[in-house]
Amino acid sequence: MQPLKYTTFFVFFLASIFLYAQNDELDKLKEEIQTQSNDSLKVSSLIALSNQYLGTDLVQATRYGNEALELAKSIDFGSGIAYAYKAIALSYYFQANYPEAAIQFQNSLAVFTDLNDKVGIANILSNLGSTYFNAGDDTKAIDFYLRSLKISEEVNDRLRIGTALNGVGSVYNNNPSSVDKALEYFMRALPIFKEIDYQDGAATVSMNVGEIYKKKKKYDSAIHYFDLSLEVYRGTVDATFPLNYIGEIYADQGNFEEALGYQNKALEIARNLDAKLEITQSLLGIGKTYTKKGDHKLAITYYQQTEKLAREIGAKMQLKDAYSGLAMAYAKTGNYKKAYTYDTMFGSIKDTLYNTANDKKVQQLQFNFDIGKKEAEIDLLTKDQALKEATIQRQRIVNYAAGTTGFLLILVIIGFYNRYKYVRKTNKIIKNERDRSQELLLNILPEETARELEADGVAQTRYYESVTVLFTDFKGFSTIAGQLSPQDLVAELNDYFIAFDEIVEKHNLEKIKTIGDAYMCAGGIPTTNDTHAIDAVRAALAMQDFMQKRIEERNQKGLVAWELRIGIHTGPIVAGVVGKKKYAYDIWGDTVNVASRMESNGAPGKVNISSATYQEIKEHYECVHRGKVSAKNIGEVDMYFVGEEVKVQLV
């Protein structure tokens, strides 16, 4: 277990205080902005509002950051421009869009440099270090951290000095051969955080130091530093990390009762706080302890719980370790069939997680250096050979001038002809590839968005006043998945999604994406229309009709039936393309959240709709009111099951 949050957790300290924004604070800022003049005070309010949205709505965070930037530029407010760029960068950082975050941080850095604001420069350099660290570019990360450290020491910014030292240590800690260097920097950061009474920073560094001592098997030192972090984190979800680490140490020493005491305490805290990732990590740790103890039956119990929860939350690292533990435990108990199944699953997920990016970068640098030397040697040999051939050629020209000239003319004619054929063939290949690229782009994105992206290089985010969003999800998918091989599971899921794609296209809806076993589409985008609600309901009923036929087929074959829940809601959304690579068309807003709530509170075989959708289709379908459900940022929402279509009697 390696909690990555403990490497660069507090580099963004100045932004983190906004991650748990309260609604009343948001409302207060919005009211202030409405009454403020277009001046520096309003720029500061817009930046504050952007930062408040970092923990709740990253689209809004980006929007208000851009508004602050535009206003700051219009009134030539230098520091406002710098902090607006920083706000925009943070919104991209928390979306894990590190390339765009780096660009915006660089813009902020340029402005702070022009202003000679060394505190701002040190802050942005540190943020750039964290951005490149998370993007996997350790070389650039350590460069930015060291530059931040130098300037922070010049202005004696103790918080930033400690932050930069921890950042440098984190980069060194990535390489097993430089952990001693990492320890040196962590030990320099720790007394600084204690001096300024920055407890979160001190706890973070203590965790990093404890982890290094644990790897070195200096268990007493490791426990000492884990205990230091535990004093700060006690009673919070972060306390699970030092507790689990201490448990691992005692398990390695053969003190299993002590180990299980710490690990069960971590599990209790995680369950009380409903922290599912930390629950998963604690269950996994307990399973490993029982494995070391030789109690493989109990180990299997905890690994199975880990597997179930890891699947639910998409925790692939923990899922990998659970598969490995189950394969070993079943082998130890003589159940070789299950051992083979889990070993196969372990191998499959391990391949998807393995990352050799940094090694490839080093190999590429060495390759470029070696190939550069060889190209220089080849160049020299080529020149020598060219001189010799030139001498021979001149002699031949003297002796065979007429014949050589005629021969060369023939070669030129043949060359031109071959060149002509080559150009025609190349142009045809280019045209075919361009057509394929356009077809692929149209398959990924809506046609209107794809054309805009192709023409302008970017696609503008758009606001839609009324769109109907449809969610589907299979009931008991985790249970079904546990009964099928990975290949059969994916094949079955693919059959359903292909059918849904055809239904969605037939009813004029736009497929948005699939997430695991969930399917999401919407009506009324990218081209608006007035029939999107009825289109979505008809598509949902068609999906349930298809599912009913498949259920009957599977029942006849004695197979487990797949049952589908569908939820629909109508309302405003924001839609657009995210990222610069592997484009994805997506939608955001409360409407998406409410549609998801309709699905999760629906019933298999039924179509569950909100009151907003009901108002749009009540003239066309009989619906049954089934009560209210609470939705975030919306309140209570009425729900209806869609029934029979209303028959219009002609007179």
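Annotations for the structure displayed:
- ILE300 being within 25 Å of the chain's Cα centre (by Cα), surrounded by 17 or more Cβ atoms within 10 Å (Cβ to Cβ) and either in a helix (DSSP H, G or I) or modelled with pLDDT under 90 (or both): no
- Residues being on the phi > 0 side of the Ramachandran plot and touching an Asp or Glu at 6+ places or on another chain (Cβ under 9 Å) - total across region 215-239: 1
- Flag set for GLU231, criterion: surrounded by fewer than 24 Cβ atoms within 10 Å (Cβ to Cβ) and part of a helix (DSSP H, G or I).
- Matching residues in region 304-338 - criterion: being aliphatic (A, V, I, L, M), in a helix (DSSP H, G or I) and more than 16 Å from PRO486 (Cβ to Cβ): LEU309, ILE313, MET317, MET328, ALA329, ALA331
- Breaking point among (1) at pLDDT 85 or above; (2) small (Gly, Ala, Ser); (3) within 30 Å of ALA266 (Cβ to Cβ), for ALA15: (1)
- Subset of region 312-332 (residues that are buried (at least 24 other Cβ atoms within 10 Å of the Cβ) and among the aliphatic types (A, V, I, L, M)): ALA322, LEU326, ALA329
- Region 553-571: number of residues that are assigned to a loop (DSSP other than H, G, I, E, B) and under 19 Å from ASP517 (Cβ atoms): 5
- Restricting region 493-507 to residues that are over 14 Å from LYS549 (Cβ atoms) and surrounded by 19 or more Cβ atoms within 10 Å (Cβ to Cβ), the residue that is modelled with the lowest pLDDT: LEU493
- Residue count for region 99-112, restricted to those that are in contact with a Gly (Cβ under 9 Å, 6 or more places away or on another chain) and free of Cβ contacts under 8 Å to residues at least 60 places away in the same chain: 5
- Count of region 208-228 residues which are acidic (Asp, Glu) and not in a helix (DSSP H, G or I): 0
- The criterion of being part of a strand (DSSP E or B), under 28 Å from SER600 (Cβ atoms), modelled with pLDDT of 65 or more and not charged (D, E, K, R) holds for VAL469.
- Qualifying residue in region 591-599 (condition: modelled with pLDDT of 90 or more, part of a loop (DSSP other than H, G, I, E, B) and out of contact with any Ser or Thr (no Cβ under 6 Å at 6 or more places or on another chain)): no
- Among the residues of region 505-523, none qualifies, meaning not one is more than 28 Å from ASN608 (Cβ to Cβ), of a type in the set (D, E, K, R) and in a helix (DSSP H, G or I).
- Complete set of residues in region 45-82 that are among the small types (Gly, Ala, Ser) and either closer than 22 Å to ALA102 by Cα or crowded, with 24+ Cβ neighbours inside 10 Å (or both): ALA48, SER50, GLY55, ALA61, GLY65, ALA68, ALA72, GLY78, SER79, GLY80, ALA82
- When ALA575 is tested against the conditions (1) in a strand (DSSP E or B); (2) at pLDDT 95 or above, the lone failure is (2).
- Verdict on LYS549 being among the basic types (Lys, Arg), more than 30 Å from ASN97 (Cα to Cα) and modelled with pLDDT of 90 or more: yes
- Residue-level check: of (1) more than 19 Å from ALA222 (Cα to Cα); (2) free of Cβ contacts under 8 Å to residues at least 40 places away in the same chain; (3) not small (Gly, Ala, Ser), TYR250 misses just (1).
- Neighbours by Cβ (under 8 Å, 6+ apart or cross-chain): first from region 293-314, on the phi > 0 side of the Ramachandran plot; second assigned to a loop (DSSP other than H, G, I, E, B): GLY314/GLY516
The values are calculated or read from the model by the stated rules, or taken from the named source; none is laboratory data. Everything numeric here is computed off the predicted structure, so don't read it as measured data. Cβ sites come from the backbone with ideal geometry, for glycine too, and all protein chains shown count toward neighbours.
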